[in-house]
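Engineer: I am attaching a structure below and will ask some questions about it afterwards.
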Amino acid sequence: MAIILRAPDESQVASASSIEVLMGEPAQRLIICSGIAIPNFWTNHDEEPSSTEVIVKLGIHVAQLERATSHTGLAAIENDETNFNFAVTQGTVSVDESGELQLSVGLVILGEETLIRRFGYQVVAHVRKVSARISGTIAVPRDILDLATLPAHEIAPLFHVTANRIELIPAAPGQMFSSEKIIPVVTGMTGQVRPGPHHCFVDYWIDSCPFNLPLRVLVNLQGRLRQGDVGVGQVAGPNPVTLTTAQPDASGVDFSVGRFQVVR
C-alpha cells in the first residue's frame, strides 16, 4: 500500500514551498515546488528488500499537466550496522482525479532496523491552470457539527457557495443610505473534509469566474448547519474579489462558521 503524504502538512512534508511563473497566456504556468518528504519507511530484514511507493500530494490544482521533471534525493537514513541498501527507484509527476499535482516516488530498503526517514524533492512542471478560479476554506467547529463523522455525500449539500455581482442601488428619496443588490454569477463546489483538533476544514473552489468584475463570495449554510444561532462569515482574503488576465485566480478567501448570540 502506498504511503500518501500531503505537502501542506508540516508533519508529513517539511519546508514545502512553491512558486508560479506566468507563461504567456494566463492559464499557462511554470510551477516549481520542493520539500522534504517524511515517509518513515522502515524494515527489519537484511536479506529480502522491502519496497513501497510514496505519493506526495503537492497541494496545487491544475487543469492539465503539459510536461514535468522531478529530482529526488535521500535526506535522512538509518541502519543498525547490518548489510543494507537504500534506493530511490523512480520519480514521476502526475495529476490525480481531483486535479492535484502529485509526485510518485519508489523506495527500496534492506537491513535490520533500517529506515528512510526523509527524502528531498523538487518538481518543475509546465501546466495549464484552471483560469478564473476563486478558492478558499470553510472552517466548521466540531462542537457545532463534526463533519468528520458524516459520509462524503452529505458534506456538499451543507454549503451553497457562490460568486456574486454587486449592484449598488441609490438611496430612495427621503433615505440616507444606498443599498446593495447581490446577483449570483457562478456557483462553487466543495471538496473533502480535513479534520483538525477543534475544527473541520472544507475546501471550496469557484471556476469560470468573469474577469475584471468585482465579485463577492458568499457561503450559505444548508441542512443540519442551518440552525438559528449558527452563522458564517468571511475571515480572510479580499472582499470583493476582482480577477484579471494577469491574475486569474484568488486563493485564501476563507470563511468560518460560528455561533452568535440571539437578542430577544
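The values are calculated or read from the model by the stated rules, or taken from the named source; none is laboratory data. A quick note: this is a predicted structure, and the numbers were derived from the prediction, not measured. Because the Cβ atoms are built from the backbone with ideal geometry, glycine has one as well, and the counts that use them run over all protein chains shown. When the accessible area is computed, the model is the full protein with side chains, heavy atoms only, and any ligands, DNA or RNA have been set aside. Shrake-Rupley method; radii C 1.70, N 1.55, O 1.52, S 1.80 Å.
Engineer: Kindly provide the set of residues from segment 239-264 that are at pLDDT 90 or above, part of a loop (DSSP other than H, G, I, E, B), open to solvent by less than 60 Å² (accessible area, probe 1.4 Å) and not hydrophobic (A, V, I, L, M, F, W, C), ordered by number.
Structural biologist: Pro240, Gly252
Engineer: Also, quick follow-up: Write out, first by first residue and then by second, each pair whose Cβ atoms fall under 8 Å of each other, whose residues are 6+ apart or on separate chains, and whose first residue, in segment 143-156, is in contact (Cβ under 8 Å) with a residue 24 or more places away in the chain while the second is in a helix (DSSP H, G or I) and open to solvent by 70 Å² or more (accessible area, probe 1.4 Å).
Structural biologist: Pairs found: Leu145/Arg224.
Engineer: I would also like to ask the following. How about segment 138-180: which of its residues are within 14 Å of Arg224 (Cα to Cα), assigned to a loop (DSSP other than H, G, I, E, B) and open to solvent by less than 80 Å² (accessible area, probe 1.4 Å)?
Structural biologist: Those that are within 14 Å of Arg224 (Cα to Cα), assigned to a loop (DSSP other than H, G, I, E, B) and open to solvent by less than 80 Å² (accessible area, probe 1.4 Å): Arg142, Ile144, Leu145, Asp146, Leu150, Pro151, Ile155.
Engineer: Looking at Ile77, Ile60, Ile19 in this structure, which one is at pLDDT 90 or above, aliphatic (A, V, I, L, M) and part of a strand (DSSP E or B)? Steps first, please.
Structural biologist: Details: Ile77 fails: at pLDDT 90 or above; Ile60 fails: at pLDDT 90 or above.
Only one candidate qualifies: Ile19.
Engineer: For Arg118, work out the one condition from (1) more than 23 Å from the chain's Cα centre (by Cα); (2) open to solvent by 70 Å² or more (accessible area, probe 1.4 Å); (3) closer than 20 Å to Cys33 by Cα it doesn't fulfil.
Structural biologist: (1)
Engineer: Okay, moving on. Of the conditions (1) under 27 Å from Ser251 (Cα atoms); (2) open to solvent by 20 Å² or more (accessible area, probe 1.4 Å), Glu112 fails just one. Which one is it?
Structural biologist: Glu112 satisfies every listed condition except (1).
Engineer: Out of Val217, Val185, which single residue is out of contact with any helix residue (DSSP H, G or I) (no Cβ under 7 Å at 6 or more places or on another chain), open to solvent by 60 Å² or more (accessible area, probe 1.4 Å) and closer than 23 Å to Lys129 by Cα? It would help to see each step written out before you state the result.
Structural biologist: Values: Val217 fails: open to solvent by 60 Å² or more (accessible area, probe 1.4 Å).
Every option except Val185 fails the conditions.
Engineer: Another one. Cβ-Cβ distance below 9 Å, separation of 6 or more or different chains: which pairs start in segment 210-222 with a residue that is on the phi > 0 side of the Ramachandran plot and end on one that is open to solvent by 50 Å² or more (accessible area, probe 1.4 Å)?
Structural biologist: That search, which allows pairs on different chains as well, returns Asn212/Thr242; Asn212/Thr245.
Engineer: Moving on. Pairs needed: first member in segment 173-191, touching a residue at least 60 places away in the same chain (Cβ under 8 Å); second member anywhere, surrounded by 11 or more Cβ atoms within 10 Å (Cβ to Cβ) and not β-branched (Val, Ile, Thr); C-beta distance under 8 Å; at least 6 residues apart or different chains.
Structural biologist: Going by the 8 Å Cβ cut-off, the qualifying pairs are Gly191/Ser98; Gly191/Asp203; Gly191/Tyr204; Gly191/Trp205.
Table: residues versus (1) open to solvent by less than 80 Å² (accessible area, probe 1.4 Å); (2) outside any strand (DSSP E or B); (3) at pLDDT below 85.
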{"position": "Met1", "(1), (2), (3)": "no, yes, yes"}
{"position": "Val56", "(1), (2), (3)": "yes, no, no"}
{"position": "Leu65", "(1), (2), (3)": "yes, no, no"}
{"position": "Ala87", "(1), (2), (3)": "yes, no, yes"}
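Engineer: Also, quick follow-up: Somewhere in segment 25-39, is a residue at pLDDT below 95 and either touching a Gly at 6+ places or on another chain (Cβ under 7 Å) or open to solvent by 80 Å² or more (accessible area, probe 1.4 Å) (or both)?
Structural biologist: Yes, because at least one residue in segment 25-39 is at pLDDT below 95 and either touching a Gly at 6+ places or on another chain (Cβ under 7 Å) or open to solvent by 80 Å² or more (accessible area, probe 1.4 Å) (or both).
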